[in-house]
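The values are calculated or read from the model by the stated rules, or taken from the named source; none is laboratory data. The structure displayed is predicted, hence computed values, not measured ones. Note: ideal-geometry Cβ built from the backbone for every residue, glycine included; neighbour counts use all protein chains shown.
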Amino acid sequence: MARPGSAFVCQACGARTRQYFGRCAGCGGWNTLVEQLEQGGDNRRRRPVVAASGPGGDGGGAPGRPRRSEPIQAVGERPLQRLASGYGELDRVLGGGLVPGSLVLLGGDPGIGKSTLLLQSARAMASRAAVLYVSAEESAQQVKLRWRRLADDGPAAAAVGGDGDEGLRLLAETDLELVLQELESLRPEVAIIDSIQALHDAELGSAPGSVSQVRECAAALQRIAKRQHTALVLVGHVTKEGMLAGPKVLEHLVDAVLTFEGDRFASHRLLRAVKNRFGATHELGVFEMQGAGLVEVSNPSELFLAGDGPSPGTATIVACEGTRSLLVEIQALVSPTSYASPRRTATGIGTNRLHQILAVLEKHMGLPLSRFDCYLAVAGGLEVEEPAADLGVAAAVVASYRDLTLPAGTVLLGELGLGGQLRPVGQLELRLQEAARLGFARAVVPRGSALGPVAAGLGLQLLEAATVAEALVAGLGVNPSASESEDVG
Ligand SMILES: Nc1ncnc2c1ncn2[C@@H]1O[C@H](COP(=O)(O)OP(=O)(O)OP(=O)(O)O)[C@@H](O)[C@H]1O
Ligand SMILES: [Mg+2]
């Protein structure tokens with residue numbers, strides 16, 4: 001039974017009941033009922049809003065005056081002021097820094113380093129702004145220990161220059177009401193809530209971390225952030241499937257959703273923007289976890305290149321993440337299968353994509369790959385989703401099948417059409433620049449790029465191809481579908 005002032009509301013059809021049911025009587029959906037405060041219920045507690053404030057909280061209307069619509073030209077403009085987070089990689093993903101009054105949600109696997117990243121950033125910002133760090137998961141002592149570790153010999157020490165972070169205040173609290181009070185009395189420019197799932201609104205009967213708790217806590221924090229122009233960073237947990245835990249509506253509520261990911265067994269960490277109202281998404285920030293904290297990696301290509309030179313079954317591509325291009329090594333292992341249906345596994349690339357590329361190679365190059373197992377991996381644990389990697393995958397597979405080593409200093413770029421044709425890729429110039437910067441000498445690209453002069457200026461030999469067969473002949477220097485004696489290179 002719902003508590004006084006709250007009801008169970010179906011998230012699919014909006015039906016309300018006083019009692020919890022596993023199945024909604026309105027739409028028949030399972031597990032869609034969520035306890036929610038009734039309309040007006042939360043006004044009992046929260047302090048009155050001083051100025052009528054819409055989203056953004058600074059519409060320019062006089063306090064208390066009812067809002068009227070106005071011509072868009074008449075709406076007052078304010079330049080978007082951003083607060084540098086102290087870390088270039090974090091700023092890049094945020095689109096230039098934290099925006100006052102905005103809400104940022106940072107998600108990531110347990111232990112990946114969310115608290116470390118935010119505490120480091122809080123230290124760096126505290127020399128310029130008032131920062132409140134709310135730790136709902138760890139005690140003040142634990143946070144202090146981490147702070148000490150980062151302060152004594154971490155990279156943050158250099159960023160803030162010794163004890164420059166006296167503007168950093170710490171609150172270890174899980175009660176939402178007390179956190180809101182502290183936010184109101186301190187009026188910090190930045191507040192970090194670690195984590196939103198650990199906060200607890202005593203007015204709701206449900207347990208901390210439940211859908212209604214998370215939503216109510218986030219909504220209350222958002223109201224105060226917009227009103228006081230506080231930039232709020234919320235830490236969010238992820239589910240077993242890697243999705244952000246809590247209601248989907250949380251992702252709509254916040255202005256930016258960042259995910260912090262990485263292989264727990266490798267030291268590098270990737271920060272991405274999944275959603276950003278103040279900047280581009282798909283930007284990538286790269287960090288390395290060290291004993292004394294997270295260090296920015298400004299030259300990630302070196303991280304993702306295996307480094308020991310070309311070997312059979314490897315090919316290098318240039319992947320683009322937002323405005324950043326990275327050189328990535330693709331490794332393939334092709335060996336005769338002993339099963340009725342061959343095994344195909346891929347790490348860092350979709351298995352369906354691999355199946356498709358293998359089918360194209362079989363059909364258009366006559367390679368009997370259906371009798372071979374194929375394992376594919378992207379070195380360094382990066383996920384490459386873009387189709388521009390297709391040609392690199394095909395080259396690695398063919399090189400492994402024929403036991404060939406690609407000539408050193410070759411990158412391959414191109415999307416494979418199902419008819420075996422090579423299709424153009426976006427941001428080719430950016431990719432070629434990155435390849436040239438890291439000393440690569442040859443690039444195999446789709447025909448019609450019109451980038452010959454650019455490549456010549458970069459000192460790159462540009463090999464253009466219209467089909468996958470042509471591209472592999474150009475890239476490998478031999479004709480992979482012919483027998484060894486017919487090699488052309
Ligand atoms: N004393 C230490 N020396 C070296 N590395 C450490 C030390 N303590 C923690 N770490 C690193 O920091 C990581 C934990 O970081 P952090 O607590 O920031 O993660 P988190 O994402 O906030 O985790 P959670 O979801 O549990 O809050 C560990 O996985 C480890 O790599
Ligand atoms: Mg943490």
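Annotations
- Yes/no for Ala379 being closer than 30 Å to Gly285 by Cα and modelled with pLDDT of 95 or more: no
- The range 135-153 - residue that is away from ligand 1 (no atom under 11 Å from the Cβ) and small (Gly, Ala, Ser) and, of those, modelled with the lowest pLDDT: Ala151
- Thr259 being of a type in the set (Ser, Thr, Tyr) and within 21 Å of the chain's Cα centre (by Cα): yes
- Criterion (buried (at least 23 other Cβ atoms within 10 Å of the Cβ) and not polar (S, T, N, Q)) met by exactly one of Leu186, Leu171, Leu199, Leu178: Leu199
- Residues in the range 74-87 that are over 21 Å from Val254 (Cα atoms) and exposed (fewer than 13 other Cβ atoms within 10 Å of the Cβ): Ala74, Val75, Gly76, Glu77.
- Whichever residue in the range 285-329 is within 16 Å of ligand 2 (Cβ to nearest atom) and surrounded by 21 or more Cβ atoms within 10 Å (Cβ to Cβ) and, among such residues, is nearest to Val473 (Cα to Cα): Phe287
- Spans of helices (runs of 4 or more DSSP H) in the range 380-465 with at least 3 residues among the small types (Gly, Ala, Ser): 390-402, 452-458
- From the list Ala377, Ala465, Ala395, the lone residue that is touching a helix residue (DSSP H, G or I) at 6+ places or on another chain (Cβ under 6 Å) and under 26 Å from Thr345 (Cα atoms) is Ala395.
- Qualifying position, being closer than 30 Å to Leu118 by Cβ, outside the structural domain of Pro424 (by TED's automatic domain parsing) and in contact (Cβ under 8 Å) with a residue 60 or more places away in the chain, among Gly285, Gly380: Gly285
- Applying the set (1) modelled with pLDDT under 80; (2) over 30 Å from Leu178 (Cα atoms); (3) in contact with a strand residue (DSSP E or B) (Cβ under 9 Å, 6 or more places away or on another chain) to Leu37 leaves exactly one unmet item: (2).
- Single residue of the range 97-120 satisfying the filter (over 12 Å from Phe260 (Cβ atoms) and within 15 Å of ligand 2 (Cβ to nearest atom)) that is surrounded by the fewest Cβ atoms within 10 Å (Cβ to Cβ): Leu119
- In this structure, Leu369 does not qualify as at negative phi, at pLDDT below 90 and of a type outside the set (D, E, K, R).
- The set of residues from the range 95-110 being in a loop (DSSP other than H, G, I, E, B) and more than 10 Å from ligand 1 (Cβ to nearest atom) comprises Gly95, Gly96, Gly97, Val99, Pro100, Gly101, Ser102.
- Of the candidates Arg128, Arg92, the single residue that is touching a strand residue (DSSP E or B) at 6+ places or on another chain (Cβ under 7 Å), more than 18 Å from His252 (Cα to Cα) and away from ligand 2 (no atom under 16 Å from the Cβ) is Arg92.
- Given (1) within 16 Å of ligand 2 (Cβ to nearest atom); (2) modelled with pLDDT of 90 or more; (3) touching a helix residue (DSSP H, G or I) at 6+ places or on another chain (Cβ under 9 Å), number of the condition Ala198 does not satisfy: (3)
- Here Val286 meets the list (1) aliphatic (A, V, I, L, M); (2) part of a strand (DSSP E or B); (3) at pLDDT below 85 almost entirely, failing just condition (3).
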